[in-house]
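The values are calculated or read from the model by the stated rules, or taken from the named source; none is laboratory data. Everything numeric in this text was worked out from a predicted model, so none of it was measured. So basically every Cβ, Gly included, is an ideal-geometry build from the backbone, and we count neighbours across all protein chains shown. With ligands, DNA and RNA removed, areas are computed over all heavy atoms of the protein, side chains included. Shrake-Rupley method; radii C 1.70, N 1.55, O 1.52, S 1.80 Å.
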Amino acid sequence: MAEHLDVDRAYYVEVDEENGIARVARDHVRDDAPSLAGEHSVADFGWSVKILRRGECHVISDTRTSPLVPPADRPASDALGIIACMGAPLIKEGRLVGALCVTSREPRGWTADEVAILQEVADRVWAAVERARAETRLHESEARFRTLVDAVEDVFYITDLEQGALEYLSPAYERIWGRPRSAIISDLQLFVESIHPADRDIVTAAKAAQARGEQVVTRYRIVRPDGGVRHIMDRSFPVSGADGRRAAGVASDVTAVTLAESRLRETEAQLLAFGEASSDLLWIRNAETLAFEYVSPAFERIFGASRDEVLQGDTLENWLRMVVPDDRARASKAIETLRTGKRLAFEYRIHRPADGQVRLLRDTGFPIRDPGGRVMWIAGVGHDATEEAASAERLKVLVAELQHRTRNLLGVVRSVTDRTLANSDGLDDFRARIHDQLGALARVNGLLSRLQEDERIDFDELIRSELDAHGVLDGAGKSAQISLSGPTGVRLRSSTVQTLALGLHELATNALKYGALSTPDGRLEIGWSLAAGPDGLPRLTVDWRESGVAVAMPGGAEATDVPNGYGRELIEQALPYQLSAEVDYDLSAQGVRCTITIPLSTGMDMAQTAAREIQG
């Protein structure tokens, strides 16, 4: 422009009126004319800006004489060598944004053609500057983009959908795929060959969706040259441009995440299988809302209600409704303690809605935290301890009963030993007698040891055991000499059995040695019956009748010696004292006649028991 118009200076000035600044990036000067490049105050060129702001060219032949140039500004123009000048304004959106200017150090009359050329070139300069700036911004943006995508761990790519070729592939490809970028950019078939054979159909379908202009998210596997398999998450989206259709995308290596998810699913499946099979109740609650997130099937067996019922609505309230009212406060407090992050073992009772049973649960609760240590869930294992608690209580009772029976047994042994020793003729006689008596105690304690809680020894079982121990019953429990009659199921107090057994033992021993069972012609009748005593409580009456044997009475001629010592003393004195029994003992010429009446358990049903008679 400067050469064409033969001027000393040509420059493009940008006007920033908002900040009052005029900027000249560079100018073209000839010979020794000073450069105007730099920033200037708009106020310094007020006369010129005023004309340009109207959208008019200012055309000055001589600034020293032109009425357009205020006299005060003429010295400055002269100092810059601006004597003749022209300026073509650039008005954009009603605003002065710049001007293309030329100056000369000599006065000059400007022609209309020169003014027209200046205006035309000014518009071209504006377009060229804006295009250059846009290209600069684009290049800067592309540079930033490449810097970014080259630095990230994911693969960024751009595909020309019409040409079917890669336009860009970020460096992360080489790290993940283990292949050079240059090879795949020039030959896309290498990309297809890197896909795991089982996933190639998935990738083919994804490319078809890309060609249709769709956003696509695809997961597939690749096989690296070293044989390693990597899992890829590929997200692509369409990009339209003036020069064709493209797809851009990001491919991420999600191998670690995929394997972790797989392990997590396996772990969840194992935990679920464990929970589904466990006889104990496994539960998980959201720590914030306290809503159940998992309840194992054992809930239905223990609580007697379906899981669906407890998992609907307010699950905490659903659960508390089944807790026994007296235990609800304790159960609620335990839940709150777990929410604070503490572990806790607690017990509570539930009332089963299905059958009304009350069950005791022992629950071991614990918090589950996120990686930051915050309690996200509370969980627990609930064990139905009803039977265990009942067993422990039964064991406590049995131990107490054992201690009681042991004390009684030791007392009986001591008493038997003392009395036997006092009535024995010598050590051999004592040995024989004590052996038999301890055998009788052993037999009855053997019966007692086989009993369950709340069970009792029946009288018919006791008498048969004693007779069988003396060998007077056959294998079927019968004897031609013995007659047994009375109701079955007459339960004896455990505290009375040992002493009564000793009394029966003495009667049987004497009958076998001296009485009805000592001769084939003897007969023994044992009968028992139930009746209510004066106090209304049940009593057992046992009648022992021997016959068919001659017994020498005092002053008589028979020589048979029937001892009348410890055995009779035990029956007539020990039974009344220890058992509150009533005893009628008579030694007649026909043999022993003995009637024993003892109190029974208050739980005895006389009517039902009396209906079952035993004959033998």
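Tabulated data for the structure shown
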item: For residue 345: the one exception among (1) free of Cβ contacts under 8 Å to residues at least 40 places away in the same chain; (2) farther than 18 Å from residue 389 by Cβ; result: (2)
item: Candidate set: the stretch 180-200, residues that are outside any helix (DSSP H, G or I) and open to solvent by 60 Å² or more (accessible area, probe 1.4 Å); chosen: the one nearest to residue 236 (Cα to Cα); result: 187
item: Hey, residue 358 closer than 25 Å to residue 336 by Cα, surrounded by fewer than 13 Cβ atoms within 10 Å (Cβ to Cβ) and modelled with pLDDT of 90 or more or not; result: yes
item: Meets criteria (of a type in the set (Asp, Glu), within 19 Å of residue 280 (Cβ to Cβ) and not in a strand (DSSP E or B)) for residue 347; result: no
item: The stretch 113-127, residues that are touching a residue at least 60 places away in the same chain (Cβ under 8 Å) and farther than 16 Å from residue 2 by Cβ; result: 119
item: Residue list for the stretch 361-372, filter: surrounded by 18 or more Cβ atoms within 10 Å (Cβ to Cβ) and of a type outside the set (Gly, Ala, Ser); result: 361, 363, 367
item: Number of the exception - residue 159 against (1) out of contact with any helix residue (DSSP H, G or I) (no Cβ under 8 Å at 6 or more places or on another chain); (2) surrounded by 13 or more Cβ atoms within 10 Å (Cβ to Cβ); (3) at pLDDT 85 or above; result: (1)
item: Filter pass, residue 131 being in a helix (DSSP H, G or I), surrounded by fewer than 16 Cβ atoms within 10 Å (Cβ to Cβ) and modelled with pLDDT of 85 or more; result: yes
item: Members of the stretch 21-44 that are surrounded by 13 or more Cβ atoms within 10 Å (Cβ to Cβ) and within 16 Å of residue 97 (Cα to Cα); result: 21, 22, 23, 24, 40, 42
item: The stretch 201-230, residues that are charged (D, E, K, R), in a loop (DSSP other than H, G, I, E, B) and farther than 12 Å from residue 177 by Cβ; result: 212, 214
item: Scan of the stretch 557-585 for residues that are in a helix (DSSP H, G or I) and either among the polar types (S, T, N, Q) or at pLDDT below 80 (or both), ordered by number; result: 566, 567, 568, 569, 570, 573, 574, 577, 578
item: Selection within the stretch 250-295 - closer than 30 Å to residue 222 by Cβ, in a strand (DSSP E or B) and either open to solvent by less than 20 Å² (accessible area, probe 1.4 Å) or hydroxyl-bearing (Ser, Thr, Tyr) (or both); result: 251, 252
item: Selection count where residues are open to solvent by 50 Å² or more (accessible area, probe 1.4 Å) and in contact with a helix residue (DSSP H, G or I) (Cβ under 9 Å, 6 or more places away or on another chain), scope the stretch 215-230; result: 8
item: Residues (assigned to a strand (DSSP E or B) and either touching a residue at least 40 places away in the same chain (Cβ under 8 Å) or surrounded by 19 or more Cβ atoms within 10 Å (Cβ to Cβ) (or both)) located in the stretch 453-494; result: 457, 482, 483, 484, 485, 486, 487, 491, 492
item: All positions within the stretch 210-243 that are aliphatic (A, V, I, L, M), modelled with pLDDT of 90 or more and more than 16 Å from residue 190 (Cβ to Cβ); result: 216, 217, 229, 233
item: Filtered residue count, the stretch 418-433, keeping only those that are at pLDDT below 75 and part of a helix (DSSP H, G or I); result: 5
item: Failed item, numbered, when residue 508 is tested on (1) closer than 22 Å to residue 465 by Cβ; (2) at pLDDT 85 or above; (3) out of contact with any Lys or Arg (no Cβ under 7 Å at 6 or more places or on another chain); result: (2)
item: Complete set of residues in the stretch 307-341 that are part of a loop (DSSP other than H, G, I, E, B) and either surrounded by 12 or more Cβ atoms within 10 Å (Cβ to Cβ) or among the aliphatic types (A, V, I, L, M) (or both); result: 311, 314, 324, 341
item: Residue check, residue 153 exposed (fewer than 12 other Cβ atoms within 10 Å of the Cβ) and either touching a residue at least 24 places away in the same chain (Cβ under 8 Å) or assigned to a strand (DSSP E or B) (or both); result: yes
item: Residue 293 being closer than 28 Å to residue 341 by Cβ and touching a residue at least 40 places away in the same chain (Cβ under 8 Å); result: yes
item: Matching residues, the stretch 162-179, being open to solvent by 30 Å² or more (accessible area, probe 1.4 Å) and part of a helix (DSSP H, G or I); result: 174, 175
item: Pairs where the first residue, in the stretch 525-549, is more than 13 Å from residue 459 (Cβ to Cβ) and among the small types (Gly, Ala, Ser) and the second is open to solvent by 40 Å² or more (accessible area, probe 1.4 Å) and not in a strand (DSSP E or B), C-beta under 6 Å, 6+ apart; result: 547/590; 548/521
